[in-house]
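Below is one structure, written out as structure tokens; comments come after it.
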Amino acid sequence: MSGQSLFEKIWQRHLVSAETPQAPAVLYIDLHLLHEVTSPQAFAELERRGLAVRRPDRCLATIDHSTPTLPAGSDGRLPYVSAEAEAQVETLYQNCRAHNIRLCGWGDPHRGIVHVIGPELGATRPGMTIVCGDSHTSTHGAFGALAFGIGTTEVGHVLATQCLLQRKPGTMRIDIDGDLPAGVGAKDVILHIIGAIGVDGGTGKVIEYAGSAVRNMSMEARMTLCNMSIECGARAGMVAPDEVTFDYLKGRPLAPGGDAWDQYLLEWKALHSDSDASFDEVVCINAADIQPTVTYGTHPGMTVAVRDSVPAANGNASDAKALKYMGVEGGQAMQDMPVDVVFIGSCTNGRISDLRQAASVLKNRRIKPGTRTLIVPGSEQVKRQAEAEGLDRIFIQAGAEWREPGCSMCIAMNGDLAAAGERVVSTSNRNFEGRQGRGARTMLASPLTAAACAVSGRISDPRQFLDSDDD
Amino acid sequence: MTKHIDSLSFNLPIDNVDTDQIIPAQFLTTTERRGLGQYCFYHWRQEPAANDERLFSGFDPARHRILVAGANFGCGSSREHAPWALLDMGFRAVISTRIADIFRSNALKNGLLPVVLDAEAVDFLLQHGQTALSIDIAARTVDIPGYRTVSFPLDAFSAYCLIEGIDTLDFLLSKQDLITRFEAR
């Protein structure tokens, strides 16, 4: 009998009852993250049935999607995009009060994007099952947790029972071995992977990212990697915990302390795939082959190296539709396409290391006039840290807008958006039609590439802006 | 409850239809489940597509209850507003060669049937315009006139819940003793 994968170990430990041909497994959930957009109908269903929240101590809520990123006006009112958006945020306040759930709301030093604050607080830990009504919950897999997005009905299931009905997914291991070239980061890696295996290449599976390039990544880089697992259709993405993970977690507000820490550490060190674990599929990627990568189409699998050209649609009607929407043609060079807007932020690339990368390009440089650049920290803590390091001044002096934390232009439902026809280079995770505003043309990229595009006002290879000591 | 879905199909010959197309994020500030059909495929119902035809011209909610789409339908976000909107627009089933995991899970919980068929069957449908289809949920078959009757996968629990109208939260609540025992470990 073969050994167990990391996923199988966590899955087995959380089975309240195993699946049978007749019924799915009942899987226990350790941590339930909540935000304002996908929770109101779930709380309403609990109220309709007269049910309590089973484990408010296992819930953590924040406001991020519908929140404005501009500060309150002189009248003290926050500039919500609509009364409905404000009411949605207020609904989460009411629900958290009614059910005794911790909410990182306005004024809380830990408010921020749900997938940024969970790790920051040390709420995210190895070996946990973590869910949220948000597909980028896969981010938390970077800690060796089984973390995945769920719909609102399932949010209600977890609120009421702390459990989910689940069929066991398949498994996939992606080995990324070797050294990443200078100027190439986790965002380029995951865009490269989605381009390689396809936008549905991970459907039905949980991905474990392994190999020396992953071992050499920081926690924040691993979060970027796992974050976009859903963009190739995967149920979740994960990385086995190691010293990098433990160093990151130690001393965080909600991380275990004292003797408990040592107990947890023993447990966490056993959380890796056995050497003889089998996977349904194994993909090998050579790190040295990965270039600064951007998307050219309308899904995250339509990727190309910045130095290359737009691939031809080759008679595929969906690809042709995508190229038409994007206003590009097969064979056209990516570099030197003009850029109207640059967005740096999101649960993919809104952490302090992402902002440091952007600042390394923007320092002592000016953003091309006419290229509107929005830089949005992922959380209040990221904002404080960036300001303590003077990154905000670098951004403002370069000509960027420095905003309040939130999802902002990633999902563009708070009023931060681009106009029809505008080309946006974005460090977010989705380039779907209309994602950043009706008719807006999104090209996904790393923080380094996005900052380089801001400076040149065109699609640009960031390596021309790297100082040798940044290598 | 629901055992059969008999309806004309409506074709959306686009691959990778994502949940942002099904229900754009600007409509997610609602705290309700209802009333989203008017915003379903909001942009595509208003703008000419690549072939300069409106993708949804000819759509009739009274007659078209089965949507046939290109590969990888429902990719993207976990928003359950997507199946809510499709149901409110009039659809009862979606046919594709591949359906994204979270969308599939959300659809089943709301009584929207996800039907995965092989590429040959979906291509036949996409090439033949609207077709009077008959879906038998218990038998897990779609009768395609002029082609043949084809099977689709659906696990026993999901089929039971759809046919009998079983609420999955009630099923989970019936496991509370087991959950309490698990928590006490």
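The values are calculated or read from the model by the stated rules, or taken from the named source; none is laboratory data. Keep in mind it's a predicted model, so treat the numbers as computed, not measured. Positions of Cβ are backbone-derived with ideal geometry, glycine not excepted, and every protein chain shown enters the neighbour counts. In case anyone asks, the SASA skips ligands and DNA or RNA and just uses the protein heavy atoms, side chains included. Shrake-Rupley method; radii C 1.70, N 1.55, O 1.52, S 1.80 Å.
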For this session: Would you compute, from DSSP H runs of 4+ residues alone, the mean residue ellipticity of chain A at 222 nm, taking -39500 (n - 2.57) per run and dividing by the full residue count, rounded to the nearest 500?
Result: -9000 deg cm²/dmol
For this session: Order the following by accessible area, largest value first: A:Trp268, A:Trp106. Probe radius 1.4 Å; ligands, DNA and RNA are ignored.
Result: A:Trp106, A:Trp268
Problem set entry | Label-zone membership for segment A:7-44, site A:Arg252, 7 angstrom Cα→C-beta point, backbone N under 14 Å | A:31-33
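Rank A:Glu90, A:Glu45 by accessible area, highest first, at a 1.4 Å probe radius?
Heavy-atom accessible area, descending, gives A:Glu90, A:Glu45.
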For this session: Express in Å², to the nearest 10, the accessible area of B:Phe171 obtained by rolling a 1.4 Å probe over the protein heavy atoms while all chains stay in place.
Result: 50
For this session: Round to the nearest 0.05 the FRET efficiency obtained for A:Asp289 and B:Ala119 when R0 = 30 Å and r is the Cβ-Cβ distance.
Result: 0.50
Problem set entry | Kirkwood Rh in Å, taken over the protein assembly as shown so that all alpha-carbon pairs contribute | 25.0
For this session: Bin width 10 Å, alpha-carbon pairs only: give the P(r) of segment B:100-174 as whole percents, running from 0 to the bin holding the largest distance.
Result: 17, 45, 29, 8, 2
Exercise. In square angstrom, rounded to the nearest 10, how much accessible surface does A:Lys250 have for a 1.4 Å probe?
Worked result: 130
For this session: Note the direction-averaged projected area, equal to a quarter of the hull surface, for the Cα convex hull of chain B, in nm².
Result: 12.0
For this session: Compute the separation of the alpha-carbon centres of segment A:218-265 and segment A:1-79 and state it in Å as a whole number.
Result: 18
Exercise. Please identify the GluC sites (Glu not before Pro) of segment A:243-343 that satisfy two criteria: DSSP loop assignment and at most 12 other Cβ atoms within 10 Å. Which are they?
Worked result: A:Glu329
For this session: Evaluate E = 1/(1 + (r/R0)^6) for B:Ile163 and A:Glu329, where r is the Cβ-Cβ distance and R0 equals 41 Å; express this FRET efficiency to the nearest 0.05.
Result: 0.25
Problem set entry | In Å², nearest 10: area of A:Phe432 left accessible to a 1.4 Å probe | 0
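Using a 10 Å cut-off on Cβ atoms, rank the peptides A:160-167, A:304-311 from the highest mean neighbour count down. Each step should come with its number before you reach the end.
On the way: A:160-167: 22.1, A:304-311: 17.6.
My ranking of the peptides, most packed first, is A:160-167, A:304-311.
If the convex hull of the alpha-carbon atoms of segment A:25-70 is projected onto planes in all directions, what is the mean projected area in square nanometres?
Averaged projected hull area, Cα only: 4.4 nm².
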Exercise. What list of ³J(HN,Hα) values in whole Hz, one per residue of segment A:412-417 in order, does the Karplus curve 6.51 cos²θ - 1.76 cosθ + 1.60 (θ = phi - 60°) give from phi, with Gly and Pro shown as x?
Worked result: 6, 9, 9, x, 7, 7
Problem set entry | Two-decimal Rg to Rh for segment A:195-261 - Kirkwood Rh, Cα set | 1.08
For this session: Mind listing the long-range amide H neighbours of A:Ser17? Cut-off is under 5 Å, sequence gap 5 or more, other chains count too, H placed in the peptide plane at 1.01 Å from N.
Result: A:Val26
Seminar exercise, completed: Magnitude of the Cβ-charge dipole (Lys and Arg +1, Asp and Glu -1) of the protein assembly as shown about the Cα centre, nearest 20 debye, reported as 880
For this session: Would you look at the GNM of chain B, springs on alpha carbons closer than 10 Å, and say which of B:Ser134, B:Ser174, B:Ser105 moves the most?
Result: B:Ser174
Exercise. Using alpha carbon centroids, what distance separates segment B:55-132 and segment A:318-343, in Å?
Worked result: 29
Exercise. What is the Cα centroid distance between segment A:354-387 and segment A:133-149, reported in whole angstrom?
Worked result: 26
For this session: Would you kindly derive the ³J(HN,Hα) couplings of segment A:192-209 from the backbone phi angles with the Karplus curve 6.51 cos²θ - 1.76 cosθ + 1.60 (θ = phi - 60°), listing them in order in whole Hz, with x for Gly and Pro?
Result: 4, 5, 5, x, 6, 9, x, 5, 10, x, x, 4, x, 10, 9, 9, 9, 8
For this session: Could you compute the FRET efficiency for A:Trp106 and A:Asn314, with r as their C-beta to C-beta distance and R0 at 45 Å, rounded to 0.05?
Result: 0.35
For this session: Could you provide, to the nearest whole Å², the per residue accessible area of segment B:4-184 with probe 1.4 Å?
Result: 39
Exercise. Under 5 Å between amide H atoms, partner at least 5 residues away or on a different chain: which partners does B:Phe10 have, H built in plane at 1.01 Å?
Worked result: B:Ile66, B:Leu67, B:Val68
Exercise. By accessible area of protein heavy atoms, probe 1.4 Å, what ranking do A:Asp177, A:Asp247 get, highest first?
Worked result: A:Asp247, A:Asp177
For this session: For B:Glu183 paired with B:Arg140, estimate the spin-label separation in nm (one decimal), with each label point 7 Å from Cα along the Cα-to-Cβ line.
Result: 3.5
For this session: Would you please give the residues with an amide H less than 5 Å from that of A:Glu208, counting only those at least 5 places away or on a separate chain, with H modeled from the backbone geometry?
Result: A:Met172, A:Arg173, A:Ile174, A:Met238
